[in-house]
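Taken together, the values in this text are just the output of simple stated rules run on the coordinates, not laboratory data. Values in this document were obtained by computation on a predicted structure and should not be read as measured data. Reconstructed Cβ throughout: ideal geometry from the backbone, glycine too, with neighbour counts over all protein chains shown.
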Amino acid sequence: MPMLIRWHDGKARVCEDPFTSVDDDQVIPPGDVIISLTRFQAEGETLMGQCRQVGVRLVPDEAVEVLAYDLARIPLVALAFPKFRDGRPFSAARILRERLGFTGELRAVGDVLLEQAKFMIRCGFDAFEPADGSRADQWTAAARRFRHVYQRAADGASPAFIERAAR
Amino acid sequence: MYQYDEIDRQMLADRAAEFRAQCQRRLAGEITEDQFKPIRLMNGLYLQLHAYMLRIAIPYGTLSSQQLRTLARIARDYDRGYGHFTTRTNLQLHWIKLRDAPDILDELAKLGLHAIQTSGNCIRNLTSDPHAGATADEVDDPRVWTEAIRQWATFHPEFSFLPRKFKIAVTAAAKDRTAVKVYDIGLRLHRDGEGELAFEVLVGGGLGRTPYLGPTIRKRLPTRHLLSYLQAILRVYNRHGRRDNIWKARIKVLVAGLGAEEFGRQVEEEWEKSDKAGVDLPDIELARIRAAFVPRGFETLPKVSPAFEAAKEADLAFARFARRNVTAHKIPGYGIIDISLKTPGETPGDCSSQQMELIADLAERYSQSEARNTYEQNLLLPHVRLDDVPAVYEALKSAGLASPNIGLVTDIIACPGLDYCALANARAIPIAQDIARHFANPELAERIGELKIKISGCINACGHHHVGNIGILGVDKKGEEFYQLTLGGSGDDDASIGQVLGPALPADKVTGAIDEMVAVYLRERRGQERFLDTFRRTGMTPFKEAVYADAH
Amino acid sequence: MKTLTANRLIDGEVVFWNAGGWVERFAEAHPFEDDASAEAAEAHAKAQGTLVVDPYLIEVEAVEGGLAPVSYRERLRALGPTNKPDHGKQAAGGADMLVLANAHGAARSTGRINLIKRPSAAPG
């Protein structure tokens, strides 16, 4: 299982992962699972009725808005980065947090690199499965590199123009 | 001009520290070149033919004299004592070492300079009107808005991994000096029907393999909604721009595919759903930025300067310089002075450290410590008293910077080409040098009049050849450098894409072809027609016949 | 005939393979006897990620006085920019630089073995 890092209260920590990520061609094991959008649309209701947590994994082609109706019952959304250069999950993350009001776990999976920590956290991701062997302490340090931000995003950080007005 | 406050400077310092850490990880093998490359590019560091190239941002082409001196020193300490000014108003240093890059960024940061996002699939350096703040022609200083966009775009967490690079230009004058129609987003500030300031938003312009003029997707955007509207455009692009093929990944392809109307509709839909107030700048911040650009320190002078007039009478060469290189300023008694980096025979756009230092001194003494660099790869002193122009001219002359050729046949835009660039098919610099030497005589050049030649060493079109009155594109044909000529392009308000003249010519035939075409123009022109005007009237035939006469 | 080239990571200098090491002058580059040894060297170089960036094989041919890359792009890399004769490797002078500068024949513009169109070939 890939390592799971969670971001909380300004710190990144390695965590046990209660979820099992399941591919489309695998049998669904007991317990909490993360399944693809396709599988969720087919089997989601059934699975959620089985007293378990069901997380949904989206690939960049899939519009995050399709989850809007079910979002209140979804504890975790995983957004896949097929290649770290594919920036679509950043938009998807912000929409989930800022427009659809998602408060569950927002996990970055796939080609996830330490050097994108700050961008990911600002867009609302709070869990990561790094693909580059990076450690939690490195994620904490990377996320703290910048003392200020220029624009609002999903992390609630105060943009520079607000800081200036407050001085 | 805008002065970086503590927050801005801390941004640069934090970014430089981050890059230092990232370089260390790369050198230690903790990240691969594949993973490091986007990071390196987002700090403007390219690996080119001979060495690393660092592209330093000069936002909206405005520099203080201190900043220009810093660039001169860095070019001297870390490079070969010169820099190359580009069509995107950046400065390139062509001989940089990776191990020096963190130190260079630290030193740049101290003076409010950086190389942030000058490459990579992110929002690039913002460009604006080189005459901003000095021309009577503008409805507002576009740099107020350009600086607002620059801050919003810097380290934008959602838009740092776009399908492709993204370029935005802002103009506020009736005469467009920014080529706004060939930008991913072009913003034209104007007064609407009620006299309110508003933006016309053009999206999907671009050069490269398939040149496009950007259609207007919104005629009137209230200025207070600038950033939220840009967010909507960028989000639609980030979500729907193609990522399967780098040659189809620019926003121009998305706009062309959907059609301007449908694209505009998707942007409006996204915009309406978004929290505009969360993105748009409050008035207090806009006022703060605006205050930095308020003109100050100008004397009350008569419109006509006797010293300036007398100098023109006394010296024909100075009179020519005044005609070609000095433009009327909005404040009476002042002028805008263009400094040509196109001395015939030199590499277009190159400037030595000594020359930069001289210009910095002149800026400090005569131009309120402000200098500019332009889309044409020239420099500029924006606020010079006409009384002082003769002294400035003498100083420029002593440094080989007084070529009176702005906008003329020898004021050629040329990319570095195959001499430096890993992407090029052919060299551009020797072609530019050859043409410029041929027409070096200032009287001849002035007699020909406005003729904008633009040369690119490959289809990426960094030399903007598509919008040259004569465009020259380097191609490789059977192992030799050949050049495809186009005619009738323009990057001005009357923007047009050049048309192909005929089969590509070998390197040694290019200058001769230009000569033939100039002869046709001089023969055919009526009245005050520029080369472009004559071409638009006569069409291709007389030019094509002249160049390819031997083929018949 | 083939030679292996790359850019040095730390400073971007153009370098050429010579029996397991990297040299700065083309004249000291070691052309390969056969494709197998060329490919083996390329594989070896690709594993040297903290030393060089993007190693690749180039075609070279015999010219008057020595060898030269077949491609004019590679000749420029081996020499330096044509607009500044005092910049780049050519500034050091020497007979080997003259061999390159005077190499005859219509150089092919490419000549990179197995040139792949990849995102890294994108413009700036």
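Quick notes on this structure:
- Based on Cα contacts under 8 Å between residues 6+ apart, the stretch B:45-105 shows a relative contact order of 40 percent.
- Separation in nanometres of the label points that stand 7 Å from Cα toward Cβ, at C:Lys46 and A:Glu45: 5.1 nm
- Positive dipole terminus of the stretch C:2-115, leading residue within C:Ala6, C:Pro81, C:Leu51 (C-beta point charges): C:Pro81
- Farthest towards the positive end of the charge dipole of the stretch B:413-551, among the residues B:Tyr483, B:Asn469, B:Pro542, is the Cα of B:Pro542, using unit charges on the Cβ of Lys, Arg, Asp and Glu.
- Annotation: the antiparallel percentage among DSSP beta bridges lying fully within chain B is about 80.
- Normalised by the number of residues in chain B, the average gap of Cα pairs under 8 Å and 6 or more apart makes the relative contact order 12 percent.
- Take the Cα of C:His104, step 7 Å toward its Cβ, do the same at B:Asp493, and the gap between the two points is 5.8 nm.
- Charging the Cβ of each Asp and Glu at -1 and of each Lys and Arg at +1, and nothing else, the dipole of the protein assembly as shown about its Cα centre rounds to 760 debye.
- Full-extension gain in nm, B:Gln354 to B:Lys509, via 0.36 nm per residue minus C-alpha separation: 52.3 nm
- Listed values for the stretch B:106-119 are Karplus-derived 3J(HN,Hα) couplings in whole Hz (6.51 cos²θ - 1.76 cosθ + 1.60, θ = phi - 60°), namely 4, 5, 4, 4, 4, 9, x, 10, 6, 10, 5, 6, 8, 8, and x replaces Gly and Pro.
- Prolate/oblate/rounded call for the stretch B:134-291, Cα gyration tensor, a/c under 1.5 rounded: prolate
- Averaged over the residues of B:150-156, the number of partner chain Cβ atoms lying within 10 Å of the residue Cβ comes to 5.
- Percent RCO, i.e. relative contact order, over the stretch B:6-110, from Cα pairs under 8 Å lying at least 6 residues apart: 31 percent
- Fully extending the segment from B:Ser398 to B:Asn441 would add 13.6 nm, taking 0.36 nm per residue of separation and subtracting the current Cα-Cα distance.
- Cβ-derived FRET efficiency at R0 35 Å, B:Leu258 paired with B:Arg526, nearest 0.05: 0.25
- Where no second cysteine Cβ lies under 4.7 Å, the cysteines concerned in the protein assembly as shown: A:Cys15, A:Cys51, A:Cys123, B:Cys23, B:Cys122, B:Cys351, B:Cys421, B:Cys458
- When the square roots of the Cα gyration tensor eigenvalues are ordered a ≥ b ≥ c, the ratio a/c for chain B is under 1.5, which makes its shape rounded.
- Sites A:Arg167 and B:Gln66, calculated FRET efficiency, Cβ-Cβ separation with R0 22 Å, nearest 0.05: 0.30
- With a Förster radius of 51 Å applied to the C-beta separation of B:Arg536 and B:Glu309, the computed FRET efficiency comes to 0.90.
- Debye, to nearest 20: dipole size of chain B, +1 on Lys, Arg Cβ, -1 on Asp, Glu Cβ: 980 debye
- Euclidean distance between Cα centres, the stretch B:174-193 to the stretch B:133-156, Å: 12 Å
- Overall form of the protein assembly as shown per C-alpha gyration tensor (a/c, 1.5; a/b vs b/c): oblate
- Modelled this way, with points 7 Å down the Cα-to-C-beta line, the labels at B:Lys273 and A:Asp24 are 2.4 nm from one another.
- Qualifying lysines (Cα of each under 19 Å from Cα of B:Lys312; at least 8 residues distant if same chain): B:Lys303, B:Lys397
- For chain B, calculated [θ]222 nm from helices alone, where every DSSP H run of n ≥ 4 adds -39500 (n - 2.57): -11500 deg cm²/dmol
- Cα-based helix-to-principal-axis angle, A:37-48 vs chain A, degrees rounded to 10: 70 degrees
- Note on the stretch B:132-215: with charges restricted to the Cβ of Lys and Arg (+1) and Asp and Glu (-1), its dipole about the Cα centre is near 600 debye.
- Charge-dipole axis of the stretch A:4-166 as Lys and Arg at +1 and Asp and Glu at -1 on Cβ define it, positive-most pick from A:Trp139, A:Pro60, A:Gly101: A:Trp139
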